[in-house]
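The structure under discussion appears below in the form of structure tokens.
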Amino acid sequence: ALALIGCSLTAFAQTNKTPKNQPLVSHIYTADPSAHVFNGKIYIYPSHDIDAKDVKEDDEGGHFAMRDYHVLSMDKIGGPVKDNGVALDIKDIPWAGRQLWAPDATYKNGTYYLYFPVKDKQDIFRIGVATSKSPTGPFKPESEPIKGSYSIDPTVFQDTDGKAYLYFGGIWGGQLQRWSGNNYDPKGALKKKEEVAYLPRVARLSADMKSFAEPVREVQLLDKAGKPFLEKDNDKRFFEAAWLHKYNGKYYFSYSTGDTHNLCYAIGDNPYGPFTYQGILLKPVLGWTNHHSIVQVGSKWYLFYHDVQLSGKTHLRNVKVTELTYNPDGTIQTIDAYK
Ligand code: FUB
């Protein structure tokens, strides 16, 4: 993820536009909001952006040098938002090197599970899991990353039959291009324009939620003609920020197109796909990255997302929420976060 981040924001910023929604908190920078409802309350698991002045900007997003997570909570959409303090600190993850990126969380059998990507001591992104009896932590990390995990942006989905799946992956700074057939190649390159684009990954989680129950597989994303996207289809192909939700019995896989800054979605009949591309969920926001979650609160559906309204800097983001509307045929109305 995050190449080009060093480049000027003005190339894509909608600076002349007025945001329709305000940041949920402004005392810290937050991004990549994964929202869930637990026991009737809304919990948001965001990245905690920091201005790591000691870290130089690079093309792989090295200055996204986050070191901890804070869980945000609120009783209702539009109500006060509470910062519940540090939920997990990088210094408490025995195998971690640097860059605590976009997390997600779930609940099962009395335990909350926090899934997080961080570079290990060899500078390779892996995915870890940490547990707590409280949705706000503190979370205790396992001593090793999830065996067989790699890259970034984990998101966990529990289906109505109780099975849980972890989706993940992000190209460029997220290192997905280094993994082929689940094997590591440090020289793995970005695809050329005419090549089939990289695909996100999924694996079912075992009953303890701490390991993969099966080999990691690719999530098939297809265009409406049933064809895979090529790298040149970069306004539609997967880049990072996977999210899976279910609506009216269908499975919705949504994601960011990265260098074209869209959030898109695709629909499938089961958690593995294939998922057929439907369109843009959220148009580009202020800042390079676009990353979200979709959650039902009561009878309404919401999109949590971020932009850089507060800072104007791509690596110092602020999370927001807006209502999401389905059409009668199950497609989602495209959101423009600006007036
Ligand atoms: O927050 C760091 C990275 O930025 C995330 O992992 C990506 O999805 C992008 O939002």
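The values are calculated or read from the model by the stated rules, or taken from the named source; none is laboratory data. Everything numeric here is computed off the predicted structure, so don't read it as measured data. Cβ sites come from the backbone with ideal geometry, for glycine too, and all protein chains shown count toward neighbours.
A few notes on this one:
- Residues of the range 99-127 satisfying the condition of being small (Gly, Ala, Ser), surrounded by 16 or more Cβ atoms within 10 Å (Cβ to Cβ) and not in a strand (DSSP E or B): ALA102
- Selected residue (only one of LYS300, LYS283, LYS320 is among the charged types (D, E, K, R), surrounded by fewer than 20 Cβ atoms within 10 Å (Cβ to Cβ) and under 21 Å from ASP153 (Cα atoms)): LYS283
- Residue count, the range 162-212 (criterion: under 20 Å from the mean Cα position of the chain (by Cα), under 14 Å from GLY148 (Cβ atoms) and assigned to a loop (DSSP other than H, G, I, E, B)): 3
- If you check ILE90, ILE42, ILE146 for being touching an Asp or Glu at 6+ places or on another chain (Cβ under 7 Å) and modelled with pLDDT of 95 or more, only one passes: ILE90.
- The set of residues from the range 150-178 being away from the ligand (no atom under 16 Å from the Cβ) and within 20 Å of LEU221 (Cβ to Cβ) comprises PHE157, ASP159, TYR165.
- The range 286-325 - residue that is of a type in the set (A, V, I, L, M) and outside any strand (DSSP E or B) and, of those, farthest from the ligand (Cβ to nearest atom): LEU310
- Within the range 294-323, tally of residues that are under 13 Å from SER47 (Cα atoms) and polar (S, T, N, Q): 1
- Filter pass, GLU144 being away from the ligand (no atom under 16 Å from the Cβ), surrounded by fewer than 20 Cβ atoms within 10 Å (Cβ to Cβ) and either among the acidic types (Asp, Glu) or without any contact (Cβ under 8 Å) to a residue 12 or more places away in the chain (or both): yes
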